[in-house]
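One structure is given below, encoded as C-alpha cells.
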Amino acid sequence: MPIYDALYDYKNTLRHILVRHEQGAAHAAEGYARLKGKPGLCMATSGPGATNLITGIADAMCDSVPIVCITGQVAAAHLGTDAFQEAPIIGMVTPVTKWCYQITKTSEVPSIVAKAFAIAKSGRPGPVLIDITKNAQTDFFDFDEQETIKTNVSWSKKILSPQATDIDQAAKLLNNAKRPFLLIGHGISIGKAEEALMQVAEKGNFPTASTLLGLSSMPTTHPLYMGMLGMHGNYSTNKLTNKADVIFAIGMRFDDRVTGTINTYAKQAKIIHVDIDKAELNKVIPATLGIHADAKEFLEALLPLLTPGNHAEWIEEFRMLERQEKEQVQDAELFPEGKDITMAEVVRMLSNKTKGTAAIVADVGQHQMIAARYYEFERPDGYITSGGLGTMGFALPAAIGAKIADPAREVIAIAGDGSFQMNIQELGTIMQEKLPVKIIILNNEHLGMVRQWQELFFDKRYSAVDMKNPDFIKIAEGYGIAGEVVTEREALGGALDRLLDSKVCYLLDIRVRKDENVFPMVPSGASIADIRLS
C-alpha cells in the first residue's frame, strides 16, 4: 500500500498496467523484455500475491529473460511469526532467480533497486526479486538525488572478450570442415547478434538451424536457413546433425528437446560451443572447443578469419530431406483434402498476410510447434514463447507486454483452447488498456499435445484430454472485444483480414481438426536420427 500510495504522485508520468492475476504480471513483464530488450518490471503484494509470481519467475529463469519483481512483505519485526500474508518468498525463489534480496531498512532501497536492474540485464539475463518489508516502505532517511548509486555487481564475473587462441582454433575447425553445421539459440537474439550471424553464415556458406527460441534470428527464407532443431523440428536438421563433422553451436544450451538421447548425439562431430554462461559449456554435450564469450562479439571477431566456403553438396543433402518432409508431411498439412481446417494452413496463411513481420506470441502445445514450423519469420524478435518451462497460459499476458513494448508492431497471440483458458482473465487488462492485441485460438477441443502422445505412445487410451469449452466469443464480448468463430475454410482468409485490419483487439476462434498431430517428431528418449515423419 505505501508503494502504491507513492505511485499516485506519478500517475501522469509513469504508466502502470493493472493485470488481473500476478502470474499474468510476470509473463507480461517477460513479453515486454523480449521485445524491448531491457528488463520488464512487475510488482505484487505479500503472501499469495508473491507466490503467484513464481511460475512466471521460473519461466523467465529458464529462458534467460530479464525481469525485476518487487514484492511486499510484513514488517521486519513480524518476520517469522506467521503474520497475516507472510510468505518466505526469498527462500521460495532463490533457486529460480539470478539474485534476490529482502530489504528491511529504507536506506537500502536506492542501491538495491539499482543493483537489481543491473543484475537482471548483465551477462546471461534473468529474473531478480526484491522483497520489501512494510517498515522499509514507510520509514524515512536522507537521500541525495545527486549521489551516484554504485550497483556493486562484482559477484558476476565479467564476460571476457574472445581470446585470440579460441578464435583461431574455431576458424581452423570451420575452414577445414567438409560438413559444417551452425546451430543458433536464444543468445543470438539476446545479444542482438543477428547481423553478425548472417555475415558469418554467408561467408562460410554454413547450413544453419535454430532452436525454438532461436527462431527469427535468421529469416526463414534465407537460402542457408535449414529449419528448426528439436523434437518437432525439421526432418533434415535433426537427421543430419549426426552426419556433420563440425557443429558450431552459439547461444544455445543443448536442451534435451534438441539433443534427444545424449548417448548418440553427434558423436562424429567436433563441437564448438560458444555461450555467455560458462556453466553451460560441457554441461550436457562435451565440446571440442568451449568458449565463454558474448555471441555478437565472438562472431564479429571470427568473421575476418573465415575463408569463403563451398558446401553445395552438403547443403543439397538438407534440401533432399527437406523435399521428403514436404511431400510426406507439409503438403498434407498445408493443402488438406478433408473439410476440416488444419492449424498449419491457418499459420501459413497468417504468415503470408503479414509477410512474416509480426511478433508471434505462442502459448504452449501443438499450436506452439505449428506456429514455429509454419510461420515464415522475416524479422528479428518475431517469435516469443515459453521454451524451457513450457508454461501454458503464457501467450495472452506476454502479448500484452510485447504490445506495450512496441506499439507499432503487429502482435498476435496464438493459443490453444486449453492454454487460452489458463489466463483468460487478462482480457480484462486488454480491455482497460485498450490494447490492439490480436488473438487466434486454434480450437481442437482437446489438450492437443497430450492427446497426440496418448495416441502414439499410450495405445490411444485418451485420458482427461477432452475439453468442454465455453463460448469464447461471448466471453470476449463481455470484455468489449470483438471476434468471430471460423469453421469453414472458405471463410478463413476473410476472417484473418478482419483480424489484421482491426485497430482494436480482435479474437478469432478457429475450429481446427481434432486429431491433427505435429510431425516430424522425435520420440521421447530416442536419438534425433530416429525422427519420425508419421
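Consider segment 359-394. How many of its residues are within 10 Å of the chain's Cα centre (by Cα) and either at pLDDT below 95 or surrounded by fewer than 23 Cβ atoms within 10 Å (Cβ to Cβ) (or both)?
The total comes to 4.
Table: residues versus (1) closer than 30 Å to Gly356 by Cβ; (2) not β-branched (Val, Ile, Thr).
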site: Thr211; (1), (2): yes, no
site: His222; (1), (2): yes, yes
site: Asn234; (1), (2): yes, yes
site: Thr237; (1), (2): yes, no
site: Ala249; (1), (2): yes, yes
site: Ile262; (1), (2): no, no
site: Tyr265; (1), (2): no, yes
site: Lys278; (1), (2): no, yes
site: Asn282; (1), (2): no, yes
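Out of curiosity, is Ala482 surrounded by 13 or more Cβ atoms within 10 Å (Cβ to Cβ) and touching a Ser or Thr at 6+ places or on another chain (Cβ under 9 Å)?
yes
Can you name the residue in segment 485-524 that is more than 30 Å from Gly227 (Cα to Cα) and hydroxyl-bearing (Ser, Thr, Tyr) and, of all such residues, is surrounded by the most Cβ atoms within 10 Å (Cβ to Cβ)?
Top of the filtered list is Tyr506.
Can you list the helices (runs of 4 or more DSSP H) found entirely within segment 312-381 that contain at least 2 residues being touching a helix residue (DSSP H, G or I) at 6+ places or on another chain (Cβ under 7 Å) and not hydrophobic (A, V, I, L, M, F, W, C)?
Fully inside segment 312-381 and qualifying: 312-325, 343-354, 366-374.
Quick check, is Ser46 of a type outside the set (Phe, Trp, Tyr) and out of contact with any strand residue (DSSP E or B) (no Cβ under 7 Å at 6 or more places or on another chain)?
no
Please note which strands (runs of 3 or more DSSP E) are completely contained in segment 198-250 and include at least 2 residues that are under 22 Å from the mean Cα position of the chain (by Cα) and touching a residue at least 40 places away in the same chain (Cβ under 8 Å).
Per the criteria, 225-228, 246-250.
Mind checking which residues of segment 64-95 are part of a helix (DSSP H, G or I) and under 28 Å from the mean Cα position of the chain (by Cα)?
Ile89, Ile90, Gly91, Met92, Val93, Thr94, Pro95
The values are calculated or read from the model by the stated rules, or taken from the named source; none is laboratory data. Keep in mind the model is a prediction, meaning the values are calculated, not measured. Heads up, the Cβs are rebuilt from the backbone with ideal geometry, glycines too, and the neighbour counts pull from every protein chain shown.
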